[in-house]
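Novice: My questions will all concern the structure given below.
What follows draws every value from the coordinates through simple rules; no lab data is involved. Because the structure is predicted, anything quoted here is derived from the model rather than measured. Backbone-built Cβ (ideal geometry, glycine too); neighbour counts: all protein chains shown.
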Amino acid sequence: MTARVRLIPFVVVGFVACISSLLQTVSAVAQSPSARTAHLGRKSHAPAVKRSARVRAINAGEMQDLLKRDGSHPLLVNYWATWCDPCRDEFPDLVKIDKQYRAKGLDFIAISLDDLADINSAVPKFLREMKAKMPVYLLNVADPEPAINSVDRGWSGALPATFLYNNKGEVVYKHFGRIKVDELRAAIEKLVSSKQ
Amino acid sequence: MKRLYVVSLIVALAAIAIAGNARSISTDIPAAPAIGATIVDFTLPDTDGKDHALNSLKGKNGTVLIFIAVQCPISNAYNERMEKLAQDYKARGISLVGINANSTEPAADVKKHAAQNNLTFPILKDNGNKIADSLGATRTPETYFLDANNKLVYHGRIDNSRDLSQVNSSELRDALEATLAGKPVEKTTANAFGCAIKRAG
């Protein structure tokens, strides 16, 4: 009985929060497009997912530049595509890892191998669904081989593929196929705790 | 209650410590045989469960093994090209054999998919991905061209693009033509993006 009484404030707060978010959504939908844009432009209310769902096309050279480290932060890179089921399956875990470790100094970029035609449609749509906030790029190359070989000589191009670099740009962990979350977390922990 | 919390904390810390000692590079898949290595004969069942030895399927001038998939869009983008390769080279003594090593795709699905996509070449089911492991295969589609003596002469992609209109280098065809002409294969490996083979376990 006492436990139930103690729960009451939480239930009330939860209910109020639900109603208020519902009201906000209704009012946002009711606004004119220009008013809505202005609303989104205000930083405190702008949903981060919308901003980060922009995907930039890069070539192989630009990809290599992204992988370079200047000694400050380790880097996690995930190669994926919306047409790849295990990529989609593992993405929520990667979003969690990004959320958990970004503040601890881990940089994280996702590189899509989708068709360029999907850069403004299927790719950002999936990222919005995932509430992904990491920078996402789309590798646009006529011949994928030089790009694959420049990342890792032992990689055949199988997706998904995940690489973890230390702040010197050395690969300290790699995995082809769906990630093993515990293994990846352990590898990240080593990097963010050792401050190397 | 407090004791339970302390115990779970200790268990969690122990788990982290154990996980932390795991090797830092995760590459569970064995490396592919080197170019020039002889591929040992193996036996796998077809989609009806009937066993076939590699040596019973091989062509007099060589054999192309292609790891394929039912659900991978990249592999599916190559269905017509794979069938055409099989037809083009059958008469010239090179046979094409598909292998499905995805643990998520049972033989019945593989059979149905082949019928729907008019794939007439034999397709074997690599249960437990034993052959994928011995060949170091990681993605679909991934090809291995063995010469008449089962020596690996080419390993890699079919061509440079899943989009047929963008194809400007066909490494597998080049390897087949070179071998048929008695010449060495110029480009013995080439990579492309594809779907990871879904291994068992």
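Novice: Given H placed on each backbone N at 1.01 Å, which residues far from B:Glu142 in sequence or on other chains put an amide H within less than 5 Å of it?
Specialist: B:Phe67
Novice: Rank the residues A:Asp152, B:Asp41 as a footprinting-exposure proxy: fewest other Cβ atoms within 10 Å of their Cβ go first. Don't skip to the end; give the middle numbers.
Specialist: Numbers: A:Asp152 14, B:Asp41 11.
Starting with the residue having the fewest Cβ neighbours, the order is B:Asp41, A:Asp152.
Novice: Which shape class applies to the range B:30-196: rounded if a/c is under 1.5, otherwise prolate when a/b exceeds b/c and oblate if not, where a ≥ b ≥ c are the square roots of the Cα gyration tensor eigenvalues? Could the numbers behind the result be given before it?
Specialist: Details: a/c = 1.39, a/b = 1.17, b/c = 1.19.
Rounded, because the longest to shortest axis ratio a/c is under 1.5.
Novice: Restricting attention to the range B:49-104, which trypsin sites (Lys or Arg not before Pro) occupy a DSSP loop and are surrounded by at most 14 other Cβ atoms within 10 Å? Present the calculation step by step, with values, prior to reporting the outcome.
Specialist: On the way: sites: B:Lys50, B:Lys58, B:Lys60, B:Arg81, B:Lys84, B:Lys90, B:Arg92; in loops: B:Lys50, B:Lys58, B:Lys60, B:Arg92.
Those satisfying the criteria are B:Lys50, B:Lys60, B:Arg92.
Novice: Starting from 0.36 nm per residue, how many nanometres of slack lie between B:Thr120 and B:Ser165 once their C-alpha separation is accounted for? Please list the in-between numbers first.
Specialist: Details: separation 45, 0.36 × 45 = 16.20 nm, distance 2.42 nm.
Taking 0.36 nm per residue and subtracting the Cα distance, the gain is 13.8 nm.
Novice: Still on this structure, please answer the following. If R0 is 51 Å, what FRET efficiency do you get for A:Glu183 and B:Lys90 from their C-beta distance, rounded to 0.05? Provide the component values of the computation, followed by the final result.
Specialist: Numbers: r = 45 Å, r/R0 = 0.88.
Given R0 = 51 Å and the Cβ-Cβ separation, E is 0.70.
Novice: Running a GNM on chain B with Cα contacts under 10 Å, which residue among B:Ala178, B:Ala132, B:Ala101 ends up with the highest mean-square fluctuation?
Specialist: Looking only at B:Ala178, B:Ala132, B:Ala101, the biggest GNM fluctuation is shown by B:Ala178.
Novice: A follow-up question, please. For each of B:Arg157, A:Arg128, A:Arg153, A:Arg56, count neighbouring Cβ atoms within 10 Å of the residue's Cβ, then give the residues from fewest to most.
Specialist: On the way: B:Arg157 30, A:Arg128 14, A:Arg153 8, A:Arg56 11.
Least crowded to most crowded, the residues run A:Arg153, A:Arg56, A:Arg128, B:Arg157.
Novice: In addition: First measure r as the distance between the Cβ atoms of B:Ala200 and A:Lys99, then evaluate 1/(1 + (r/R0)^6) with R0 = 30 Å and state the FRET efficiency to the nearest 0.05.
Specialist: Here the calculated transfer efficiency is 0.40.
Novice: What average number of partner chain Cβ atoms lie no more than 10 Å from the Cβ of the residues making up B:135-142? It would help to have the intermediate numbers written out before the result.
Specialist: Values: counts 0, 2, 2, 8, 8, 1, 0, 3.
Across the residues of B:135-142, the mean count of other-chain Cβ atoms within 10 Å is 3.
Novice: To continue, here is another question. Summing Lys, Arg as +1 and Asp, Glu as -1, what charge do residues with Cβ under 10 Å from the Cβ of A:Lys168 carry, A:Lys168 excluded? Intermediate results must be reported in sequence, preceding the final value.
Specialist: Working: positive: A:Arg69; negative: A:Asp70, A:Glu170.
Surrounding charge for A:Lys168 is -1.
Novice: With θ taken as phi - 60° and the coefficients 6.51, -1.76 and 1.60, list the Karplus ³J(HN,Hα) couplings across the range A:146-156 in order, rounded to whole Hz; mark glycine and proline as x.
Specialist: Here the 3J(HN,Hα) series is x, 5, 4, 5, 6, 6, 6, 5, x, 9, 8 Hz.
Novice: Let me ask you something else. Considering every Cα-Cα pair within the range A:48-194, what fraction, in whole percent, is farther apart than 28 Å? Before the final figure, lay out each step's value.
Specialist: Values: 1147 of 10731 pairs.
Value for the range A:48-194: 11 percent of Cα pairs lie more than 28 Å apart.
Novice: Moving to a separate point now. Taking 25 Å as R0, compute the FRET efficiency from the Cβ-Cβ separation of A:Asp70 and A:Ala122 and round it to 0.05. Before the final figure, lay out each step's value.
Specialist: Values: r = 33 Å, r/R0 = 1.33.
FRET efficiency, A:Asp70 to A:Ala122: 0.15.
Novice: May I pose another question? Net charge within 11 Å of A:Asp115 by Cβ-Cβ distance, Lys/Arg positive one each and Asp/Glu negative one each, not counting A:Asp115 itself?
Specialist: Counting the neighbours of A:Asp115, the net charge comes to -2.
Novice: Just add up the charged neighbours of B:Lys187: K/R +1, D/E -1, any other residue whose Cβ is under 13 Å from the Cβ of B:Lys187. Present the calculation step by step, with values, prior to reporting the outcome.
Specialist: On the way: positive: B:Arg157, B:Arg173, B:Lys183; negative: A:Asp143, A:Glu145, B:Asp159, B:Glu171, B:Asp174, B:Glu177, B:Glu186.
Taking every Cβ under 13 Å from that of B:Lys187, the sum is -4.
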